[in-house]
1. Any idea what the alpha-carbon Rg over 2.2 N^0.38 Å comes to for the range 172-295?
2. Can you tell me the mean projection area, over all orientations, of the convex hull of the range 338-400's alpha carbons? Units nm², please.
3. Taking the Cβ-Cβ separation of residue 115 and residue 230 as r and a Förster radius of 22 Å, what is the calculated FRET efficiency to the nearest 0.05?
4. Taking only Cα atoms, what is the 0 to 90° angle, nearest 10, from helix 63-81's long axis to the longest principal axis of the chain?
5. Between residue 294 and residue 100, what length in nm is gained on full extension when 0.36 nm per residue of separation is reduced by their alpha carbon distance?
6. Can you show me the helix-derived [θ] at 222 nm for the chain, built from DSSP H runs with n ≥ 4 at -39,500 (n - 2.57) apiece and divided by the number of residues, rounded to the nearest 500.
7. How tilted is helix 392-409 with respect to the longest principal axis of the chain? Cα atoms for both, answer in degrees (0 to 90, nearest 10).
8. Output the peptides 44-54, 60-70 sorted from most to least packed, where packing is the average of other Cβ atoms within 10 Å over each peptide's residues.
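Just so it is clear, none of the values below were taken in a lab; they were calculated from the coordinates. Treat the numbers as computed from the prediction; the structure is a model and nothing was measured. Heads up, the Cβs are rebuilt from the backbone with ideal geometry, glycines too, and the neighbour counts pull from every protein chain shown.
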Ligand code: ARG
């Protein structure tokens, strides 16, 4: 398997005949996780330093050994950070790579680090620390995306566009209002992220293999040193739980779905047929054959990344669903799913933030489209209810006839002469024309959360204060 780790001892393992050596090499290949879990090196070393410090504090190892261990671990950290560390696949994973190097650096004291610990609680710790940091990063990135939308919403609180249902023109709305719909979505994603951080904020270290340990360890001390709220309460659950990873993936899948809907809208809006937005050169590409083209590749890739993230979520749910308690090696397959989804989500949020900030909004095109398709028909019906006292169902019917007439004449509702309207219903007066414009339509929708610019501005202020 392609891997940039060094295979120092593979030739030594080639004992026996051809038949026996095959499975052995395959065993190493299927078993090793260093190719991907080396990403956890910083968390692994942080966890080991906290563990060794606690062991010394509790008198389980000597202060002298602890100092050697901590010094050695810090040396390994800078070796890895500067690219001067040789990862070995024989040593399977990040935990054993670090420990083996520690033994080379400091000698027998290295062997005391693994007292009262197992790789089962160690990997649970490393991975939790990694996912926690990733969630914090996601929270910051979503805040950036929300800020981009708030700015565009403010700028376009009065810009009228068609609102759609079934992708058919429904009623006029403002572009600011539409932007604020995404603020709500990404705001929910962000609060899911915050809840997930709270859920995972418990320290697994000290659960040991699965049963806890007979050494007088202090799990509250390590929890505190590693920035967790408290230690986990059940050692069996601790080493068999990957909910924190699944929660991350499900949050990523929901956010990805939101990003993909936005991507789809941008793809539609940037077509010459719609022409609502124009993407900046920085976030679009040209065609190698058709010189006139400007393609929304970034939006399309965001739409596609969502598929990968969904795949990762389903993969990990499936990996976990049949596992008896506590740890099983199946769980080693958790990391690549999360790493891949995290990379996809980060890229998708970053690309969308850039696109939203940079895109040029064609307010004239939007307004023209808002007025077509009889988008103020509901306003006519509402006027008949309010001013002529018609029941809404009757008003709906009268309006339907007016729309049919306008359609047959090839004009807008507002272009029908009063005599035509009065022939449909005698109670209609020339005051009706006040509500048939798209501006009047949006301004009238002042209900809480409605599209009127005054309402949209209230919601912008709410989110600005909430950030
Ligand atoms: N590389 C392993 C993983 O990622 C570490 C834990 C191994 N534990 C064990 N009992 N073999 O899951």
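1. On the way: Rg = 23.6 Å, N = 124, 2.2 N^0.38 = 13.7 Å.
Relative to the 2.2 N^0.38 Å estimate, the range 172-295 comes out at 1.72.
2. Values: hull surface 32.3 nm².
Over every viewing direction, the Cα hull of the range 338-400 projects on average to 8.1 nm².
3. 0.45
4. 50 degrees
5. Details: separation 194, 0.36 × 194 = 69.84 nm, distance 5.40 nm.
So the chain would gain 64.4 nm between residue 294 and residue 100.
6. Values: 18 runs with 287 residues, N = 467.
My calculation for the chain gives -20500 deg cm²/dmol from helical runs alone.
7. 80 degrees
8. Working: 44-54: 23.5, 60-70: 18.3.
The peptides rank, most packed first, as 44-54, 60-70.
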